Amino acid sequence: MTAAIDIRGLTYSFGAHRAVDDLTLAVEPGECFGLLGPNGAGKTTTIRLLNTLLPLQSGEVEIFGRSVRTDAMLVRRLLGYVPQQLSIEGALTGRENVEWFARLFDVPRRERATRVDEVLEMVDLRGDEARLASTYSGGMVRRLELAQALVNRPALLVLDEPTVGLDPVARDSVWRRVAQMQRDHGMTVLLTTHYMEEADALCDRVALMHRGSLRALGSPDDLKAAAGAEASLEDVFRHHTGEALGEHGEHGDLEAEKGGLRGVRATRRTARRLG
Ligand SMILES: Nc1ncnc2c1ncn2[C@@H]1O[C@H](COP(=O)(O)OP(=O)(O)OP(=O)(O)O)[C@@H](O)[C@H]1O
């Protein structure tokens, strides 16, 4: 079977700094796969290489058998991407934000209204679609971004830190949507996170990255079992790197449900800085 994502010997440097170091891994169709690691591990760089936002330097990546090096346009059509940065426009309504993406991704004009309805329904925003996005809470912003990424019915949904800076309730609501979409539509999902409990709850398999390279790969249960009785994914990380992820990964005091894009932007910035 053709892998959903096939990464072979991927290496990428910013100047002298090697951000991704000889990464090899494959994600199967229909899997929810987590790239885990602290700030600076190379997760976002990996994602930007596979979604064609960064040009490959060394190594190969194929998405459903299409090379990102030679078939970039085809690869883009297969992908839905929710970046860490905000991708919505506060001066547009929720619905207009999704319509804009539908046009951008060449959803045929005749199908657009139905598709927009469908994805707004999926993320439970039909009731708020006429409000300006600037009035949305942090959790609603994230759900709207999910709707944008889904409107072209991607075979692969890529989420970069989908719940960073959200409070536990909003985080849970995003998790439920992602799990449901994967279940209902058989979509392949690749997400990056440094919330261990997020990976544990959502992912069939995870890859632990540290300083650009792959340190461990497997299902959360197998990795935990290998690290010892009653080990958590935090323990697994410590076991493979000698460092504690918790110091990088806790954002317990962050609160993104304040509403308004400015709050969301500030919270995501803070979350990234705290890592
Ligand atoms: N545009 C850039 N120019 C120079 N260095 C960069 C650039 N982007 C990333 N880096 C460096 O590459 C390394 C990997 O960064 P990357 O963003 O991929 O990590 P990450 O695991 O996604 O972390 P985060 O959770 O902060 O996004 C880091 O050391 C980072 O400082």
Margin query: Based on this model, can you work out whether residue 57 counts as under 26 Å from residue 139 (Cα atoms), polar (S, T, N, Q) and within 16 Å of the ligand (Cβ to nearest atom)?
Written below: no
Margin query: With small (Gly, Ala, Ser), more than 16 Å from the ligand (Cβ to nearest atom) and under 13 Å from the mean Cα position of the chain (by Cα) as the only criterion, which of 170, 149 stands out?
Written below: 149
Checklist line | Boolean, residue 66 is under 19 Å from residue 160 (Cβ atoms), charged (D, E, K, R) and surrounded by 18 or more Cβ atoms within 10 Å (Cβ to Cβ) | finding: no
Note to self: For the stretch 96-116, give me each residue that is more than 25 Å from residue 164 (Cβ to Cβ) and buried (at least 18 other Cβ atoms within 10 Å of the Cβ).
What the structure shows: 99, 102, 107, 115, 116
Next item on the list: Mind listing whichever residues of the stretch 99-136 are under 25 Å from residue 155 (Cβ atoms) and of a type in the set (Asp, Glu)?
Entry: 99, 106, 111, 117, 118, 121, 124
Note to self: So, in the stretch 61-86, how many residues would count as being part of a strand (DSSP E or B), more than 16 Å from the ligand (Cβ to nearest atom) and more than 16 Å from residue 189 (Cβ to Cβ)?
What the structure shows: 3
Note to self: Tell me the residue from 222, 184 that is modelled with pLDDT of 85 or more and more than 15 Å from the ligand (Cβ to nearest atom), please.
What the structure shows: 222
Next item on the list: Answer with yes or no whether residue 107 is within 16 Å of the chain's Cα centre (by Cα) and at pLDDT below 90.
Entry: no
Margin query: Regarding the stretch 107-126, can at least one residue be identified that is in a strand (DSSP E or B) and not charged (D, E, K, R)?
Written below: no
Notebook entry, point to check: If you go through the stretch 1-32 one residue at a time, how many are closer than 12 Å to residue 50 by Cβ, surrounded by fewer than 22 Cβ atoms within 10 Å (Cβ to Cβ) and within 10 Å of the ligand (Cβ to nearest atom)?
Noted result: 0
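The values are calculated or read from the model by the stated rules, or taken from the named source; none is laboratory data. None of these values were measured; they are calculated from a predicted model. Don't worry about glycine lacking a Cβ; one is built from the backbone with ideal geometry, like all the others, and counts go over all protein chains shown.
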